[in-house]
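Worksheet: one structure, shown below.
The values are calculated or read from the model by the stated rules, or taken from the named source; none is laboratory data. No experiment lies behind these values; they were computed from the predicted model shown. Don't worry about glycine lacking a Cβ; one is built from the backbone with ideal geometry, like all the others, and counts go over all protein chains shown.
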Amino acid sequence: MQFSEFYTLLLLMLLLFLITSLIRTIIERRKAKKEQYKTRTLIKCSKCGYTEERDFQVGDYVLKPEKECPKCKTIIRIHRIYDVKVPKK
Ligand SMILES: [Zn+2]
């Protein structure tokens with residue numbers, strides 16, 4: 001009798017542990033959803049210092065030749081790629 005009670009208690013504790021860990025996972029996922037990040041690409045002209053920022057596109061990498069500088073007509077390259085926090089809507 002006592003033996004089975006012990007097992008019931010053990011099973012209950014295990015169930016409680018599973019439920020709490022499940023709840024924790026759900027909360028963490030919700031938090032992760034709240035804090036969304038967006039990748040931005042910064043293009044900078046090494047000659048005149050002209051900068052342009054746009055959304056990250058697939059295939060972007062640092063030092064990738066982007067386009068002609070609208071000011072001095074040199075080829076401008078990707079200077080930096082970084083994440084910015086997107087405010088919750
Ligand atoms: Zn320039």
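Structure values in brief
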read-out	value
Unique match (being part of a strand (DSSP E or B), within 16 Å of the ligand (Cβ to nearest atom) and free of Cβ contacts under 8 Å to residues at least 60 places away in the same chain) among I81, I76	I76
Search result, residues across segment 24-62 that are of a type outside the set (D, E), away from the ligand (no atom under 16 Å from the Cβ), farther than 12 Å from V84 by Cα and in a loop (DSSP other than H, G, I, E, B)	Q57, V58, G59, Y61, V62
Every pair of residues 6+ apart whose Cβ atoms lie under 8 Å, when the first sits in segment 11-36 and is at pLDDT 85 or above while the second is in a helix (DSSP H, G or I)	none
